[in-house]
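Nothing in this text is a laboratory measurement; each read-out follows from the coordinates by a stated rule. None of the values given here were measured: they were computed from a predicted structure. Backbone-built Cβ (ideal geometry, glycine too); neighbour counts: all protein chains shown.
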Amino acid sequence: EQLRKAAKGDARVRLVLLRRNYGQTAAMHAGIQHARGRYIVTMDGDLQNDPRDIPMMVEKLIDGYDLVHGWRKNRRDRWLSRKLPSRVANWLISRVTGFPIHDLGCTLKAIRREFAVELELYGEMHRFIPILAHQMGARSTEVVTNHRPRKFGETKYGIDRTLRVLLDLMTVQFMLKYFSGLPAVAADSLVGQYYSSRVIPMLLISVATMLAGSLLPHLTRDWESGHRDAARRRLNTFTKLAAFAFTIGAAGCLIASPLLFTWALRGKYDAGLAVLPGTLAYCACYGIGCVAMNYLLCAEKAKLGSLALACGLAANLGLNVLLVPRYGLVGVVVATMIANVTALALIFWLSSLAGMRWNPGTLLAAALPLGLWLGGLPALAITAIVLALGWRERWLVTDDEQASLAALVSSLSAGWRNGSNQPRQATTQA
């Protein structure tokens, strides 16, 4: 309401309203695209950034810089859950990318409009604006900015998101380059092979993240209205459906992957193709974990989820140290697979301790991605057998879930029939 008043009373204020909460990156991208000024400044709305730093940052742009990013040198946040993970992540990202920076997470930035509008922002890429702009040829500098204690609301970011970033960065770049024992050029080639095996799996993770984010508001509504058993049942059902969908989708991609790697990638990434089954398997496990994590978020036990991811990170580091020197790229994928399975198992166990009642069918469905190691067709066969037996014997899907799914299929088919009949009726009337 205050924003509407400001926009109505001052022509310089433009209010951009999104249909729903799409996340910080999408909101920032929309704001940049609607901005009209020569210089664009981004900042958080939690009152921790200090607007009095803006003139100093704009002066830097006038002096010739294209991007000025803030450094919360005296950050006023909790040390263990916010400052320490952020420092570790910033150090690693700086080492991996070769771009020196102290504080990628600081939203307070000033950038010339011609660079800002060209930024491709999606997912969580708002964190990497300085690096993206640097790759576009922008001259950037970092300045110390004020940071104030949080007085209102709760942060939407926790240690779990930092740990997910660390899990990926340490696995790919750090481990392959520093523990493989290979020359620098060979290690870089291995990194490229690994990334080639993640092109399709990362799409799977994107779908899982969107699914988990779309499901959370519905579960939260049931939870806060006192219908917690309904929220548990719904989460059981969706976790099972996600596990089946991710496994079947990954198996289909695995079957088609030789064509993709031969045609699109021109046969240059045979090592990436060889480890693709493992990469798809651990990405599917990660996606299932994203959906299952919703219970801990509803129950306000997000720290337990952070603990599960921290254990997965520790397992990943330890196993990479052991496996990479001997097995190279295969060792990386095996270590990451074990780490993701560990994190997923801990999410199930810790959420059970917090009151979630997972039924056996959900736990069995969550194990299906492991069959991807055997290949696409075997994984599909295993999934079909489990689905058929479980449906018939009613130990995979409960009676209520079967009735709900049958009603959903009936509704969809009726809608499709009505849609297909509508043009014929219109033709007959004409």
If the cut-off is 15 Å between C-alpha atoms, which aspartates and glutamates fall inside it for Lys301, apart from same-chain ones fewer than 8 positions away?
Glu154, Asp160, Glu224
Taking the alpha-carbon centre of each part, the distance from the stretch 305-344 to the stretch 22-83 in Å is 35 Å
At R0 = 51 Å, how high is the FRET efficiency between Ser410 and Asp270 if r is their beta carbon distance? Nearest 0.05 is fine.
0.60
Which shape class applies to the stretch 247-288: rounded if a/c is under 1.5, otherwise prolate when a/b exceeds b/c and oblate if not, where a ≥ b ≥ c are the square roots of the Cα gyration tensor eigenvalues?
prolate
Highest mean first, what order results for 317-327, 1-11, 391-401 on Cβ atoms within 10 Å?
317-327, 391-401, 1-11
Per-residue counts of other Cβ atoms within 10 Å, averaged by peptide: what ranking do you get for 213-220, 299-306, 193-200, 277-284, highest first?
277-284, 193-200, 299-306, 213-220
If the limit is 21 Å between Cα atoms, which of Lys73/Lys109; Lys5/Lys60; Lys73/Lys151; Lys83/Lys303; Lys83/Lys109 go over it?
Lys5/Lys60
Three-way shape call for the stretch 279-330 based on the alpha-carbon gyration tensor, with the a/c threshold at 1.5:
oblate
